[in-house]
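Below you'll find the structure, written out as structure tokens, and then a few comments.
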Amino acid sequence: MSTHSDKYIQRYNAQERLNHWVTAITFILLILSGFALFHPALFWLTNLFGGGPWTRILHPYIGVVMFVSFSGLALRFWHHNILSKNDVQWLKQIPDVIQNHEDKLPEVDRYNAGQKLLFWTMIATIPTLFVTGIIIWQPWFTPFFPRNLDRFAVLMHALCAFVMSTGIIVHVYAAIWVKGTLRAMIRGTVERAWVKKHHPGWYKRIVEGNDH
Amino acid sequence: MALQSLDIWRRSATTTPSPSQREPIEVAKLIDVTKCIGCKACQSACQEWNDVREEVGVNIGSYQNPHDLTANSWTLMRFAEIEENGHLEWLIRKDGCMHCADPGCLKACPSPGAIIQYKNGIVDFAEENCIGCGYCIKGCPFNIPRLSKEDSKVYKCTLCSDRVAVGLEPACIKACPTQALVFGSKEDMKDHAAERIAELKERGFENAGLYDPQGVGGTHVMYVLHHADKPELYNELPRDPHINPMVAVWKGITKPLALMAMAGAVLGGFFHYIGIGPNEVEEDEEEEKA
């Protein structure tokens, strides 16, 4: 492929990177404003948004932006994230993953099973957060829904926020842990050696000129 | 007595004790529905004292006016026509905040000090701290708080905490012409109710009784009902109100646990980096390629 050089391989184009970072920035704003209302110990985070009422006002609008942005990511990347037999074996060998014994793992293609599971966790939680968020959006939409649905929605919203945030903690740590990864989302390229080591299946396809 | 009643028992979204050294008397409003004539003097007095006015509405074939509680109508006479023991009964219930001992609104509220429970039992909204999220509405088992369309703050009966604080009874009590409304210590109100219930039983209302639901720890607004066995006759007064379990789970132990789990994930990552270390492409691997 023309975008690959001797040293670097193109992993994400500029559109993909921008899409990712719009999602990431809105995610951070949502986490800060959402966790302000999640537990009293974190209510001080409302100060970052101009106080309690402003936090309540802004959070859902940011949420809509994130949902739209994430939908773009989902449409771009879903076909890379179908689980394979190798992925099941990879998950069984989680201790090897954690101990950096990558040589013992089955061949990984463009994404490993952990990355794929994160993708599907986001697919499960973000639309749920969107729908439940609409239901509990005061003052616009809540009055149209029955009280018990409203109660269920706020519970699910908190639960999905917890699952998503835990997933993102793993996602961010993985980018710190596996050196050379962050470059993929900042510059768009990764080193050839990085691809060979972490994504040998994908590397084979690149060499064959069959990487999409 | 001044300010004594304003000692705070609990504040919303606050995990440490509030000033609560003194021990004021628990107060209660007793609503004897069997004495109520439906004159709505209490509704008028409430709006008068609290400086709120309801818009003029339309008649839909009931004396009930307005049709529901609103951000301006903190108390409402609810009228029900039912058939009981073979004859028509016109049941009138003054609806409004019950001032629960275990308030679902306060439990649900995420904003510190937006909902306060005074030690005398009054549950009060401090609208200046309200952020307009409507969580209290989800928490309430009696469907009482109303979000204002004008300012996105939530309003409800204060039990005239401002009057009670200076030794006066709530405005509705003062206005009631039949003494269907009385106010005093919760103990005295229970004694008074017991006398009334005995009288009602003599008059043939076998199931007369006090409504002081224990599912919410008892309330600081209590009813004397002729049909205490069927509270739902009185415009769906809940038989056994509880804070909804979904609210209890949402606001209970799960959130501190979730926070600890997330902090654990961050710490786990840090310790992994320290203990096992990053996954790097070794230099010889790079050279091997070249």
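The values are calculated or read from the model by the stated rules, or taken from the named source; none is laboratory data. Computed from a predicted model, the values in this text were never measured in an experiment. Heads up, the Cβs are rebuilt from the backbone with ideal geometry, glycines too, and the neighbour counts pull from every protein chain shown. In case anyone asks, the SASA skips ligands and DNA or RNA and just uses the protein heavy atoms, side chains included. Shrake-Rupley method; radii C 1.70, N 1.55, O 1.52, S 1.80 Å.
A few notes on this one:
- Using R0 = 35 Å, the C-beta based FRET efficiency linking A:TRP78 and B:LYS149 works out to 0.25.
- Of A:LYS116/A:LYS196; B:LYS29/B:LYS107; B:LYS119/B:LYS149; B:LYS35/B:LYS186, pairs whose Cα-Cα distance is over 25 Å: B:LYS119/B:LYS149
- Interchain or long-range residues, amide H under 5 Å from B:ALA126's placed H: B:ILE115, B:ILE116
- Subtracting the Cα-Cα distance of A:GLU107 and A:GLN15 from their residue separation scaled by 0.36 nm leaves 30.3 nm.
- Put simply, chains B and A cover up around 3900 Å² of each other's accessible surface, both sides summed, when a 1.4 Å probe is used.
- The largest accessible area among A:SER84, B:SER185, B:SER44 belongs to the first residue in B:SER44, A:SER84, B:SER185, and the rest follow in falling order (1.4 Å probe, all chains).
- Counting only other chain Cβ atoms within 10 Å of each residue's Cβ, the peptide B:272-281 averages 6.
- In this label model, B:GLU187 and A:ALA175 are separated by 6.4 nm, measuring between points 7 Å along each Cα→Cβ vector.
- Euclidean distance between Cα centres, segment A:159-212 to segment B:124-168, Å: 51
- The fraction of accessible area contributed by carbon and sulfur in segment B:29-77 is 52 percent, rounded to a whole number (1.4 Å probe; ligands and nucleic acids excluded).
- Longest DSSP-loop-exposure-free segment, GluC sites (Glu not before Pro), chain A, at most 15 other Cβ within 10 Å: A:1-106
- Degrees, to the nearest 10: A:147-177 long Cα axis against longest axis of chain A: 30
- Solvent-accessible area per residue, Å², over the protein assembly as shown with all protein chains present [probe radius 1.4 Å]: 49
- A simple spin-label model places the labels of A:TRP120 and B:ALA263 3.2 nm from each other, with each point 7 Å out along Cα-to-Cβ.
- Computed helical MRE - 222 nm, the protein assembly as shown, DSSP H runs ≥ 4 contributing -39500 (n - 2.57), nearest 500: -13500 deg cm²/dmol
- Residues of segment A:94-125 whose accessible area, computed with a 1.4 Å probe over protein heavy atoms, drops by at least 10 Å² once all protein chains are present relative to their chain alone are A:ILE98, A:GLN99, A:ASN100, A:GLU102.
- With Rh defined as the Kirkwood radius, the inverse of the mean 1/r over Cα pairs, the Rg/Rh of the protein assembly as shown is 1.14.
- Note, ³J(HN,Hα) from phi for segment A:97-106, Karplus 6.51, -1.76, 1.60, rounded to Hz, x at Gly and Pro: 4, 5, 8, 6, 8, 5, 5, 7, 8, x
- Shielding of B:136-147 by partner chains, average beta-carbon count, 10 Å: 2
- Take each residue of peptide A:147-158, count the partner chain Cβ atoms within 10 Å of its Cβ, and average: the result is 5.
- Entry note, chain A: relative contact order of 28 percent, from Cα contacts under 8 Å with a spacing of 6+ residues.
- Chain B - Cys residues lacking any other Cys C-beta under 4.7 Å: B:CYS36, B:CYS39, B:CYS46, B:CYS100, B:CYS109, B:CYS130, B:CYS133, B:CYS140, B:CYS160, B:CYS176
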